1. Go through region 62-100 and give me each residue that's out of contact with any helix residue (DSSP H, G or I) (no Cβ under 6 Å at 6 or more places or on another chain) and crowded, with 16+ Cβ neighbours inside 10 Å.
2. Over 30 Å from residue 125 (Cα atoms), in contact with a helix residue (DSSP H, G or I) (Cβ under 6 Å, 6 or more places away or on another chain), surrounded by 14 or more Cβ atoms within 10 Å (Cβ to Cβ) and at pLDDT below 95: is that true of residue 7 in this structure?
């Protein structure tokens with residue numbers, strides 16, 4: 001009962017502050033899924049010129065969600081020290097933190113892969129523009 005009440009208080013704080021992570025975490029608890037629902041959905045195709053700005057916005061969004069998760073963890077950790085059984089409570093808080101950070105890490109790795117592909121493509125285009133045209137032997 002106390003654990004649910006503590007989780008409810010943390011979620012109410014996050015919903016009040018408007019963090020997107022609170023929505024995905026609430027969906028996680030309501031649906032009983034093993035992992036939180038991803039906060040970022042696949043976007044429409046982006047023009048190549050806008051790609052660095054889009055990636056920067058996505059990184060900033062992921063950083064904000066990561067900070068929200070860590071803020072929840074810190075508040076849970078403080079609540080744990082008020083209980084008699086501190087270690088099991090801390091273990092639960094760490095488990096919840098890992099579960100919340102896992103999809104964010106996957107999104108970050110996917111974003112890194114997209115950025116590597118984009119940089120490789122840009123480098124290949126630059127090299128093609130620099131390459132001398134083949135001379136006609138005739």
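The values are calculated or read from the model by the stated rules, or taken from the named source; none is laboratory data. None of the values given here were measured: they were computed from a predicted structure. Cβ coordinates were reconstructed from backbone atoms using ideal geometry, including for glycine residues, and neighbour counts include every protein chain displayed.
1. Scanning region 62-100 gives 71, 96.
2. The answer is no for residue 7.
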